[in-house]
1. Send over the semi-axes of segment 124-203's equivalent ellipsoid, whole angstrom and largest first, taken as the square roots of 5 times the C-alpha gyration tensor eigenvalues.
2. What is the set of long-range amide H partners of GLY239 at a cut-off below 5 Å, with H atoms built 1.01 Å from backbone N?
3. Per residue, how much accessible area does segment 172-297 have with a 1.4 Å probe, in Å²?
4. Sort 213-220, 114-121, 251-258, 239-246 by packing, meaning the average of other beta carbons within 10 Å per residue, with the highest value first.
5. Against the empirical 2.2 N^0.38 Å scaling, what ratio does the C-alpha Rg of segment 205-247 come to?
6. Hey, can you rank 61-74, 88-101 by average C-beta count inside 10 Å, highest first?
7. Sorting check: for 191-199, 160-168, which peptide has the highest mean count of neighbouring beta carbons within 10 Å, and how do the rest follow?
8. Holding the Cα-Cα limit at 31 Å, pick out from LYS131/LYS201; LYS99/LYS131; LYS201/LYS283; LYS163/LYS201; LYS145/LYS241 the pairs that are longer than that.
Amino acid sequence: MTTTKETQDDDAVGAGRDAPHAGTPAAGALKAPAARRRRDLRDHPEWVLVPGVFVLVVLAWEYLVPALGVDEYVLPRPTRIVDALGTQLTDALFWTHMKVTLLESVYGFAVGVAAALVLGTAISQIRLVEKTLMPYIVAFQTVPKVALAPLFVVWFGFGMTSKVVMAAVISFFPMLVNVVEGLRSADADRVQMLTVFGASKFDVFRRVRLPSALPFIFAGLDIGIVFAILGAVVGEFIGAKEGLGYLLLQTNYNFDIAGMFAVLVVLSVLGLIAHFIIRQARKRFAFWAEDNTVIGA
């Protein structure tokens, strides 16, 4: 009759026989995910550095503010800002302000992009239009856009229209520059080849110029959407009854500095989300784009 000890020894031997040894395919399969993770971190160090820097800055901010004797109403600690943000996010009025700013930004961005696409195409393809309009466009570009906000309020009132116009004007110029330069960046040899084979100007535009311009267009969209949010907030600073810019002014009047930082955090998140959406669209429709094709405002 087999004893209990002998049975346990047999089980141990069987388990050792079934376990994967180093160098076997099973052991290699176990090591593969770890090696892949190390390779990913080596190829993308920002995955660790970006959150690491954020954590270090927040911790330094949290503990240095009281240690240096900085008053809370001058520079609140991150925990105070998080508390203020939580209070705002549970307030229905805050979501109303954010909805207004989002609508102003999206409408202004759409108007600015549409105008830039039409005018940029005309300027890049019709020399007479370029010679006629470019001096006026350059002159208007030199005017600080923030200085136009009071005029827009006078012309279009304190409602949403003046903020939409402001967002459209600020997002228009970076988009226009990228559209013009993108359409002009088409390979001359490809254009000449299609022309020799009898392609019309529209065919050349559709098959060569537009695909070449897509990376530039998405670069302009990436800059323009952030500028549109900026334009909407600036317009709300000058004259508004609602919106995140109006909320910023209210928290400033009440010396609620933590609340101001909370609103700024929300605006930053909105900008990051818009940037992410444009980047994903660029990867989908202009996946061949180089990162250095961006032309600033």
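1. Numbers: eigenvalues 277, 34, 22 Å².
Its equivalent ellipsoid spans semi-axes of 37, 13, 11 Å.
2. Under 5 Å from the amide H of GLY239 lies no amide H from a residue far enough along the sequence or on another chain.
3. Numbers: 6670 Å² over 126 residues.
Value for segment 172-297: 53 Å² per residue.
4. Numbers: 213-220: 24.8, 114-121: 17.9, 251-258: 14.6, 239-246: 20.8.
Most protected by this proxy first, the peptides run 213-220, 239-246, 114-121, 251-258.
5. Numbers: Rg = 16.3 Å, N = 43, 2.2 N^0.38 = 9.2 Å.
Working it through for segment 205-247, the quotient is 1.78.
6. Values: 61-74: 11.3, 88-101: 15.5.
Most protected by this proxy first, the peptides run 88-101, 61-74.
7. On the way: 191-199: 12.3, 160-168: 25.6.
Ranking, from highest mean packing down: 160-168, 191-199.
8. Values: LYS131/LYS201 20 Å; LYS99/LYS131 41 Å; LYS201/LYS283 28 Å; LYS163/LYS201 38 Å; LYS145/LYS241 21 Å.
The answer is LYS99/LYS131; LYS163/LYS201.
The values are calculated or read from the model by the stated rules, or taken from the named source; none is laboratory data. Just so it is clear, the model here is predicted, and its values are computed rather than measured. Reconstructed Cβ throughout: ideal geometry from the backbone, glycine too, with neighbour counts over all protein chains shown. Just the protein is used for accessible areas: all its heavy atoms, side chains included, with ligands, DNA and RNA removed. Shrake-Rupley method; radii C 1.70, N 1.55, O 1.52, S 1.80 Å.
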